[in-house]
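Shown next, in structure tokens, is the structure this report addresses.
The values are calculated or read from the model by the stated rules, or taken from the named source; none is laboratory data. Everything quoted here is computed from the prediction, not taken from an experiment. So basically every Cβ, Gly included, is an ideal-geometry build from the backbone, and we count neighbours across all protein chains shown. Each accessible area value is taken on the protein alone, full model and side chains, heavy atoms only, with ligands, DNA and RNA left out. Shrake-Rupley method; radii C 1.70, N 1.55, O 1.52, S 1.80 Å.
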Amino acid sequence: MTVHTDTEAPPLTAEAFRSVFRHHAAGVAVVTAHAGRPAGFTATSLSSVAAAPPTLSFSMSTASSSWPVFREASHVGVHILAESQRDLAATFAASGPDRFAAPTRWRRGPHGVPVLDGVLAWLVCRVEAAVPAGEHRLIVARALTVEPPSGGRPLLYHDRAYARLSEG
């Protein structure tokens, strides 16, 4: 085993960094907003920040086609996907298509936020901050309204593929 000191460590490439996080399983969410038009994207960066006040965060690329809507939106919807919703996750992860066209089922929710039907749970949140982080923004949002979990198992993302929880 080779041990490197800080001064001898090879530079970290973006690919090496991504390869580490491919081993980190994450829950899958779809985040939506409305500012002139509905927009949304699939996120695996969702994190609970605090329970009191209820605060969460997620990151978003400023190169995303949805970024102009999110930049202007004061509220967002955060939807926790069920293990059966791989197609919905793929729809919101793809660039180009109208993510809100059929077969996506949705409605306007509190604060005009697009709310997806049939998800495990959803929250509507007020955007508190958009912190620059490289070519991304770390969005910090305060949860205002919740549709409690309906039961079921979450969709996961691991090693560039959607996955399910297995029974121990």
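Brief remarks follow.
- Note on Ala50 and Ala163: the extension gain reaches 38.0 nm, defined as 0.36 nm multiplied by sequence separation minus the Cα-Cα distance.
- Accessible area per residue (1.4 Å probe, heavy atoms of protein chains only) ranks Phe17, Phe100 as Phe17, Phe100, with the largest value leading.
- Only protein heavy atoms count here; under a 1.4 Å probe, Leu120 has an accessible surface of about 20 Å².
- Loop-located GluC sites (Glu not before Pro) across segment 119-168 with a Cβ neighbour count of 13 or fewer within 10 Å are Glu135, Glu167, with loop assigned by DSSP.
- Within the listed set Val78, Val69, Val31, the Gaussian network model of the chain (springs between alpha-carbon atoms below 10 Å) gives the highest mean-square fluctuation for Val69.
- Tensor-based shape of the chain (alpha-carbon gyration tensor, a/c under 1.5 rounded, otherwise prolate or oblate): prolate
- Prolate/oblate/rounded call for segment 36-87, Cα gyration tensor, a/c under 1.5 rounded: oblate
- Of Asp159, Asp87, the order by accessible heavy-atom surface (1.4 Å probe, DNA, RNA and ligands excluded), from most exposed downward, is Asp87, Asp159.
- Per-pair calculated FRET efficiency, R0 = 30 Å: Ser150 and Glu128 via Cβ, rounded to 0.05: 0.65
- Surface composition of the chain: carbon plus sulfur atoms hold 56% of the accessible area, using a 1.4 angstrom probe and ignoring ligands, DNA and RNA.
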